[in-house]
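The values are calculated or read from the model by the stated rules, or taken from the named source; none is laboratory data. In this text, all values refer to a predicted model and were calculated from it rather than measured experimentally. Cβ: placed from backbone, ideal geometry, glycine included. Neighbour counts: every protein chain shown.
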């Protein structure tokens with residue numbers, strides 16, 4: 001046995017070296033894992049803290065607060081309401097002078113008015129005319145202006161001396177004097193295509209009667 | 001002390017496990033909790049930031065709308081007095097009516113409030129001519145006070161005689177409408193609008209000058 005030759009000596013040495021290397025590698029791996037295990041979470045925390053700080057800074061830079069926003073909303077609602085009221089007020093203001101002017105322009109010179117009464121969306125006009133044709137012409141002329149929603153002859157009465165007729169018209173306005181629109185465009189009665197011819201026809205029919 | 005290879009391996013494993021446990025319990029777990037908290041704060045902050053930015057944008061839009069509305073309001077309310085101030089209104093009515101017609105009555109109704117506007121109804125009775133009525137209505141359409149004419153009645157006593165006169169006039173003159181009734185009975189219903197609130201302090205009433213006060217009241 002003493003003279004046995006150990007043929008595995010070199011191999012044994014190599015096995016020991018490999019073991020050492022394995023230990024070293026394992027140690028390095030362990031150290032790297034440990035360092036990575038400490039550094040990576042640290043880095044993630046730092047990044048998160050930085051992000052939070054940035055967000056907080058951005059938030060602090062915004063001067064708006066809920067109180068300011070509520071105040072602005074209230075002011076805006078008040079302003080909208082105020083504007084709407086004023087616009088409605090101006091929109092509801094009727095130009096009564098223009099109505100008078102239209103009546104003035106439409107009245108035949110042989111007729112005269114004894115009263116005009118504007119109330120809500122109506123105007124009552126009374127007057128005296130030499131005959132019904134004049135009243136009809138007045139009525140047609142008023143309708144022709146398109147300034148009114150409707151013109152209605154309420155009455156025409158021959159005066160006791162039979163020289164003239166007293167008449168009364170009811171004019172419907174597009175807009176109430178105290179409020180908004182009361183009559184739509186489409187609600188207006190049929191307009192004569194040719195006022196002059198209509199008046200002429202009326203005149204002819206009167207002559208026929210006579 | 002002799003320890004076997006197997007024991008050595010076990011000790012190493014135990015050491016590694018102990019290190020891992022220490023790492024987990026004393027470092028990783030608290031760190032994870034901190035990260036969770038941080039992430040929650042970030043999420044909250046992000047939500048707040050987005051909400052605040054949205055609020056700021058809306059606020060800017062609202063402020064722009066307010067300034068636009070205020071320009072219109074200022075323009076429209078230029079002719080509307082602030083507060084229900086009756087004395088200057090009475091003077092305004094007097095000065096408007098006097099040059100054009102003979103005043104009968106100014107009948108003031110109860111002041112009502114509609115939204116942020118005071119409405120002061122006044123019924124005016126007058127006698128005058130048609131031209132005068134038109135001048136008065138024209139003055140009411142002016143910008144001194146915001147006046148809305150809500151009713152108008154004009155009555156004339158002229159009957160057949162006037163018509164005959166008009167026909168005669170038409171034969172003689174080209175413009176018979178110049179001959180109008182001199183004495184019409186006129187009733188005008190108006191509403192005078194003012195902005196609800198107090199009369200602005202320091203309002204100057206020029207009409208109230210040169211008066212002396214303090215005497216026998218029935219004198």
Residue in region A:68-84 that is facing chain B (nearest Cβ under 8 Å), without any contact (Cβ under 8 Å) to a residue 40 or more places away in the chain, under 30 Å from residue B:192 (Cβ atoms) and not in a helix (DSSP H, G or I) present: no
Any chance residue A:45 is within 8 Å of chain B (Cβ to nearest Cβ), closer than 30 Å to residue B:23 by Cα and free of Cβ contacts under 8 Å to residues at least 24 places away in the same chain: yes
Number of the exception - residue B:157 against (1) over 24 Å from residue B:205 (Cα atoms); (2) modelled with pLDDT under 90; (3) in contact with a helix residue (DSSP H, G or I) (Cβ under 8 Å, 6 or more places away or on another chain): (3)
So residue A:185, is it under 26 Å from residue B:157 (Cα atoms), out of contact with any strand residue (DSSP E or B) (no Cβ under 8 Å at 6 or more places or on another chain) and at pLDDT below 80: no
Qualifying residue in region B:1-17 (condition: at the interface with another protein chain (Cβ under 7 Å from one of its Cβ atoms) and at negative phi): no
Filter result for residue B:72 (touching a helix residue (DSSP H, G or I) at 6+ places or on another chain (Cβ under 9 Å) and either at positive phi or more than 10 Å from chain A (Cβ to nearest Cβ) (or both)): no
Residue check for residue B:99: modelled with pLDDT of 90 or more, touching a helix residue (DSSP H, G or I) at 6+ places or on another chain (Cβ under 8 Å) and either more than 10 Å from chain A (Cβ to nearest Cβ) or over 16 Å from residue A:117 (Cα atoms) (or both): yes
Which listed residue, of B:199, B:186, B:136, is in a strand (DSSP E or B), within 30 Å of residue B:81 (Cβ to Cβ) and modelled with pLDDT of 80 or more: B:186
Test set (1) in a helix (DSSP H, G or I); (2) within 14 Å of the chain's Cα centre (by Cα); (3) surrounded by 15 or more Cβ atoms within 10 Å (Cβ to Cβ) - residue B:96 fails condition number: (2)
Verdict on residue A:56 being facing chain B (nearest Cβ under 9 Å), in a helix (DSSP H, G or I) and over 43 Å from the mean Cα position of the chain (by Cα): no
Some residue of region A:30-37 being within 7 Å of another protein chain (Cβ to nearest Cβ), assigned to a helix (DSSP H, G or I) and at pLDDT 85 or above: yes
Matching residues, region B:19-45, being more than 24 Å from residue A:35 (Cα to Cα) and touching a helix residue (DSSP H, G or I) at 6+ places or on another chain (Cβ under 6 Å): B:41, B:42, B:45
Meets criteria (in a helix (DSSP H, G or I) and more than 59 Å from the chain's Cα centre (by Cα)) for residue B:38: no
